[in-house]
1. If all Cα-Cα distances of the range 20-80 are sorted into 5 Å bins from 0 onward, what percent lands in each bin, rounded to whole numbers?
2. Using the 10 angstrom Cβ neighbour count as an exposure proxy, how do His306, His477 rank, fewest first?
3. With Kirkwood's inverse mean 1/r over C-alpha pairs for Rh, give me the Rg to Rh ratio of the range 479-573, two decimals please.
4. If you rank Met114, Met422 by fewest surrounding Cβ atoms within 10 Å, what's the result?
5. When 1/r is averaged over all different Cα pairs and the result inverted, which Kirkwood radius in Å belongs to the range 123-239?
6. Kindly rank 514-526, 315-327 from highest to lowest mean number of other beta carbons found within 10 Å of each residue.
7. Specify whether the C-alpha gyration tensor of the range 304-406 places it in the rounded, prolate or oblate class, a ≥ b ≥ c being the square roots of the eigenvalues: rounded for a/c under 1.5, otherwise prolate if a/b is larger than b/c and oblate if not.
8. For the range 338-377, what ratio Rg/Rh do Cα atoms give with a Kirkwood hydrodynamic radius?
Amino acid sequence: MHLQLEGNEHAREAIEDVPAVYFCRPTVENLRIIADDLERGLYGRTHLNFVTKLQRSEMEYFANLVVKSGCLGKVASVHDQYLDYVCLEDRMFTLNKIKSYVQYNRSNQTDSAMEEAMDDICYGLFSVVSTLGVLPIIRCPRGGAPEMVARKLNRMVAEQSKVKSSSSAPRPLLIIMDRNSDLVTPLQHTSTYQALVDDVLQHSSNRVSFIETKSDGKKSKNQKKTFDLDADKDPFYSKYKFSPFPEAIESNGSELAQVTSKEQDVRSKTSATVGTNSDGSTANDLASAVESLPALLDRKKQLEVHTTILSAVMNEVAARDIPVFYELENSFATGVYKNDVAKAKKAVVEIISDPKKGSIDDKIRLIAVFALLSTAPSSDVDEVFEILKSVAESGEEKGVGSSSKVEAGEKAIDYLKRLRSMHMISTMSFSAAGPTQSNEAHSFATLGNFMATAQNQATGLLAKASERVGSLLGKIHKHNLTCVVENLCEQKPNSEDESFLYLDPKVKGDIDVSALRGIRAPVQEAMAFMIGGGCYSEYQNLQLISNENLKVTYGSTELIDPTKFLSQLAELA
């Protein structure tokens, strides 16, 4: 029997001879409810299981309650289960700390509040380490939130006997980073399947929702669609979640056609055999065909779900002309406009002033990327934003009436300018991952043509898509986190490997990395954790360095989409 703890403590009936297992967070309110249950004698022996660590103050509070009521003997066991995280995929987790970037960067944050926030992150990471049963080497930049968390975690792992690691097993590298090291990635437009789903649709905890519009020629009908996506169990999603969006569309169409053809073959075999005399061989073939049909139908249903999702994403991508934003932002990242700020500004203004391109949020994100990835003075950034304001105010912008979005966007841009002026962030560019496609310009043109064509494909979208799909990304770029992880795992000289803090729970105090030069074992597994929020595009980019010799897990205080991150930046202003 499963009963909810909160909200019905007085509605639960006594079952005196039955032992009770409590599974909850160790909050003061939950502890009070449990103590009240014990005093009322609702159940027999009680086993307490807490999601995260039970603090000493909370433990003393609970002990005081049960001792006063004379119920201490009813408590059979107390366990810290260390489950203070959410695992969305085999190699992706989040601590679900809402508005974490705001919390860790608020100017009026007290020292005690910051200390408590860092403790929460530490307990979450300790939960992950405990679940995996590994003893990591911890690396992080010196100073700030990453070092605070790293030192706390190092002490906790060293003190707790729960984390045990075989001496012969390779030890993972845990890399803790701050979101301020790269503010571009959560804002930049992307072009891969999973990241686009998170960007343009309602997507949270692997559940995606959107409104599907169907028309019978006379009237349109809106219907809300909701699907659960599981990359670990869904073969198509697992294979194509990191793929360029047009490639996912093409593959969905071809796989659906193959499954449909196999289904028709099975049905034709069964219909041809019914009513005829069959020898043993034919009967065996029929039985095999019938047995394969349920699996085929399940696979077809799964692919049709992705057809629906891909169509919804396509509608948003085409309506907002996302390829235009992606291409320009990608040019900033590759340094195309590095020595020509005037040309960069002109390219941004052309898009911002065009009412047919993008939403207000799309344009604010472009301006933010322009501010972060160029050396344009603040006056240029202000001028560009004034153009956006005038376009919105004149009623030409899509989403007219969203003055609150413009106002919030202006606050977000002001915050980024302030960080840049204080040298708390610097203009940056990403590193090329090496040649992947031969003709970048052709790639961008193909993407634009593909989306323009797809916009007019109200029916038969996926059937026609493969005719237009070409190379999408051109040159792939390693984001900041990917470069850092690669440098640390490969122990590259003159890189973060020499400047980052090196902590080992087996060793007291700091370790001089230079003394370990040439004697460290190769890194086979890495965990990259981002304080202040992570995103799917960053997770996807890390896979550029993941291979059979190096497995990379990605975690963050929370998963944020670009719109949510903009709102957090605005709140800090």
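1. 4, 20, 35, 30, 11, 1
2. Details: His306 23, His477 18.
The most exposed by this proxy come first: His477, His306.
3. Working: Rg = 15.8 Å, Rh = 15.2 Å.
My calculation of the ratio gives 1.04.
4. Working: Met114 15, Met422 8.
Fewest-to-most ranking of Met114, Met422: Met422, Met114.
5. Hydrodynamic radius (Kirkwood, Cα only) of the range 123-239 equals 18.5 Å.
6. 315-327, 514-526
7. Values: a/c = 2.65, a/b = 1.33, b/c = 1.99.
Note, shape of the range 304-406 comes out oblate.
8. That ratio equals 0.98.
FYI, it's all coordinate maths here, none of it is from the lab. In this text the structure is predicted, and so the values were computed from the model without any measurement. In this analysis, Cβ positions are derived from the backbone assuming ideal geometry, glycine residues included, and neighbour counts consider all displayed protein chains.
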